[in-house]
Amino acid sequence: MLRQRILTAAWLAPLMLAGLFGLSGGAFALFTGGIVLLAGWEWTNLAGVEERDNRLLLVGALAGLMAVMWAGGAALAAWPLWLAAAGWLANLYWVTRYPERRVQWQSTPRRLAMGLWVLLPAWVGLNVLRDSGAVWLLFVLLLVWCADIGAYFAGRAFGKRKLAPRVSPGKSWEGVGGGMAATALLAVCYAVWQGLGAGGGLILVVTALAVTLASVVGDLLESMLKRHRGIKDSSNLLPGHGGVLDRIDSLTAALPLFALLYLGAL
């Protein structure tokens, strides 16, 4: 398993870095759109759609919607980000009320609708941040990675109070605190690098902490859906790493929220 993980990472990491930071405009939208469509394929399974043809039809519909949004300029507009903000509030409610409130979202059509406000705004957020320059896109990626690393080490060292035991038993409040400490430090370093000053730095730190919490919800949401579906990974598209959603679940929440706050505050 370790060998397979290393081999997959060896070709995947350079490809992702080249696509995210070497492309721009329509090429970037196409590249990130492909990632989102792969995640959409996995989401159809999380939603309970098992027939291959039906899953392909749904992914095709998602691709068509993305094309219409790009043609209409919506891929660089704020309204899908506000849709994500409302949708993630609902996701937070369902994660914290699992399994008592699963009747509210467990039908296949509702899980598919959930996928729209998770995946489409994440794609829009990617394009908004890339259009503003690679610096802030890099910041969000680093933020999610730092949050994961901080949470891992803090959770292992101090984790006692379970965060969401019925959704993801391994996560702890202490881990969340470690992740927030790591991202706050990242924000301070970034503020100094970008010359934001004391006020801009404070805004960035507060924004980073809010986005860190959102990234935790993104992780928990996928864990909840997989638990409900009775599967371990979203797919086996990435040998040794599970599926695309397993790699971007935190980013689906972090990207639109940071893009929204970035547009309004920085």
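No value in this document is a laboratory result; all are computed from the given coordinates. Nothing here was measured: the structure is a model prediction, and the numbers come from that model. Cβ sites come from the backbone with ideal geometry, for glycine too, and all protein chains shown count toward neighbours.
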Surrounded by fewer than 19 Cβ atoms within 10 Å (Cβ to Cβ) and either out of contact with any Gly (no Cβ under 9 Å at 6 or more places or on another chain) or closer than 22 Å to R227 by Cα (or both): is that true of W82 in this structure? yes
Can you list residue pairs whose Cβ atoms sit under 7 Å apart, with the first residue in segment 53-67 being farther than 21 Å from A29 by Cα and the second being surrounded by 13 or more Cβ atoms within 10 Å (Cβ to Cβ)? Count only pairs 6 or more apart in sequence or on different chains. R55/W41; R55/T44; R55/V49
Could you check Y98 against (1) part of a helix (DSSP H, G or I); (2) surrounded by 13 or more Cβ atoms within 10 Å (Cβ to Cβ) and say which number it fails? (1)
Residue tally, condition within 22 Å of S250 (Cβ to Cβ), crowded, with 16+ Cβ neighbours inside 10 Å and of a type outside the set (V, I, T), over segment 21-59: 14
Segment 199-244, residues that are basic (K, R) and either touching a Cys at 6+ places or on another chain (Cβ under 6 Å) or surrounded by 22 or more Cβ atoms within 10 Å (Cβ to Cβ) (or both): K226
Name the one entry in L58, L62, L81, L92 that is on the phi < 0 side of the Ramachandran plot and touching a Pro at 6+ places or on another chain (Cβ under 6 Å). L81
Checking the structure you have, find out if any residue of segment 182-198 is of a type outside the set (D, E), touching a strand residue (DSSP E or B) at 6+ places or on another chain (Cβ under 6 Å) and either surrounded by 17 or more Cβ atoms within 10 Å (Cβ to Cβ) or within 24 Å of L245 (Cβ to Cβ) (or both). no
Subset of segment 123-166 [hydrophobic (A, V, I, L, M, F, W, C), crowded, with 23+ Cβ neighbours inside 10 Å and more than 21 Å from A187 (Cβ to Cβ)]: W123, V124
Which condition does G201 not pass, out of (1) over 18 Å from V144 (Cα atoms); (2) of a type outside the set (D, E, K, R); (3) in contact with a Ser or Thr (Cβ under 6 Å, 6 or more places away or on another chain), if it passes all the others? (3)
